[in-house]
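These notes concern the structure reproduced below.
The values are calculated or read from the model by the stated rules, or taken from the named source; none is laboratory data. Computed from a predicted structure; not experimentally measured. Please note: Cβ atoms are built from the backbone with ideal geometry, for glycine as well, and neighbour counts cover all protein chains shown. Surface areas here come from the heavy atoms of the whole protein model, side chains and all, with no ligands, DNA or RNA. Shrake-Rupley method; radii C 1.70, N 1.55, O 1.52, S 1.80 Å.
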Amino acid sequence: MSTFLKRVMRNKLEESEVSKLTSSFDTIGSIVILRIPETLVDKRHMIGDTILDNIKSTKSVYMQTSPIAGDHRTRKLELVAGDDNPVTFYKEYGCRFKVDVEQTYFSPRLSTERFRIASLTSENEVVTNMFAGVGTFSVITCKHRNVKKVYNVDINRAAHELSVFNSRLNKMEEKIESLCGDAREIANSYINGKSDRVLMPLPEKARYFVNDAVTCLKEGQGIIHYFLHVRADSKKSALEAGRFETHEAFSEYSHDIQSLNVVREVGPCFYQLVSDVLIKKGIE
């Protein structure tokens, strides 16, 4: 899809306009979400109609009009073509998910990372997903690994309700316990010391929850998947910066970085990374 939009718009826009189009966009079930440059906003409906004509499975095309923001990690969307229905069903690695793209955070671009983390889990592990959204990481982990239990936490009530629905949809409700509330409070009051592995897929704020993630671990030891954003001129520089930031975030703990990967480039010179951190003991 990297050149699809520019290719289908060549007969409808001037070449100078085509060059300004963003190459990539998100396809989530029957919904397409794209960014449109300010200079082309007046042609947003034509762009949306063209997508509808060329991607037959698409029923709704939305233009993103704000960045992802707030505790609920939502974004503002404007319908530019098709049905005004932000709810869809999405498939990934043999699992189905009901998603509301307006009221919850969801990114299909984390698909490979979700499966990578699932593949690292072992039989009978207890996993905590501190920022779980609609439960995608949790369901895929349960589906592909015989884990004992997953605590699925999110502060967004709409995301929580969808995570409960998705656990049942994929017949994983006996292994996934969905909890709605503040991750810090739940980690310290309920999950405390029960987990072998913790996921922190909130790169904007994960560093503020490191102590809470460690609190979730059995005897203060285990694996934490720590997501972060870094600004850098290249992937190599991003990894160097990510390694430094991870060590800083976990400086109070005896730890090893088992793996550090670039998940994706989220903007010019702006990278999302994930560190797989082994915590060997509690606060020194």
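Determine the pairs where a residue that is of a type in the set (Gly, Ala, Ser), located within the range 248-259, has a partner that is assigned to a strand (DSSP E or B) and modelled with pLDDT under 95 with Cβ atoms under 6 Å apart, the partner being 6 or more residues away or on another chain.
Short answer, once both residue conditions are applied: 254/280; 254/281.
Yes or no: residue 259 closer than 26 Å to residue 153 by Cβ, in contact with a Gly (Cβ under 7 Å, 6 or more places away or on another chain) and among the polar types (S, T, N, Q)?
No; evaluated as a whole, the condition is false for this residue.
For residues in the range 260-284 being small (Gly, Ala, Ser) and under 19 Å from the mean Cα position of the chain (by Cα), which is least open to solvent (accessible area, probe 1.4 Å)?
By that ranking, first place goes to 275.
Rundown of residues vs (1) touching a Cys at 6+ places or on another chain (Cβ under 6 Å); (2) among the β-branched types (Val, Ile, Thr); (3) open to solvent by 40 Å² or more (accessible area, probe 1.4 Å); (4) not in a loop (DSSP other than H, G, I, E, B), yes/no style:
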| position | (1), (2), (3), (4) |
| --- | --- |
| 5 | no, no, no, yes |
| 16 | no, no, yes, yes |
| 20 | no, no, yes, no |
| 49 | no, no, yes, yes |
| 61 | no, yes, no, yes |
| 67 | no, no, yes, no |
| 79 | no, no, yes, yes |
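Just to be sure before I move on: is residue 137 in contact with a Phe, Trp or Tyr (Cβ under 7 Å, 6 or more places away or on another chain), within 20 Å of residue 272 (Cβ to Cβ) and assigned to a helix (DSSP H, G or I) in the structure I sent?
Numbers: in contact with a Phe, Trp or Tyr (Cβ under 7 Å, 6 or more places away or on another chain): no; within 20 Å of residue 272 (Cβ to Cβ): yes; assigned to a helix (DSSP H, G or I): yes.
When the stated conditions are applied, residue 137 does not pass them.
For residues that are hydrophobic (A, V, I, L, M, F, W, C) and open to solvent by less than 10 Å² (accessible area, probe 1.4 Å), scanning just the range 186-213, find the one that is nearest to residue 117 (Cα to Cα).
It comes out as 199.
Can you name the condition, by its number, that residue 33 falls short on among (1) exposed (fewer than 12 other Cβ atoms within 10 Å of the Cβ); (2) in contact (Cβ under 8 Å) with a residue 60 or more places away in the chain?
For residue 33, the failing item is (1).
Hey, any hits in the range 165-185 for a residue that's within 23 Å of residue 101 (Cβ to Cβ), surrounded by fewer than 18 Cβ atoms within 10 Å (Cβ to Cβ), out of contact with any helix residue (DSSP H, G or I) (no Cβ under 9 Å at 6 or more places or on another chain) and at pLDDT below 95?
no
Limited to the range 89-110, what total is found for residues that are small (Gly, Ala, Ser) and either part of a strand (DSSP E or B) or closer than 20 Å to residue 72 by Cα (or both)?
1
Residue 149: surrounded by 16 or more Cβ atoms within 10 Å (Cβ to Cβ) and of a type in the set (Lys, Arg), yes or no?
Working: surrounded by 16 or more Cβ atoms within 10 Å (Cβ to Cβ): yes; of a type in the set (Lys, Arg): yes.
It is true that residue 149 is surrounded by 16 or more Cβ atoms within 10 Å (Cβ to Cβ) and of a type in the set (Lys, Arg).
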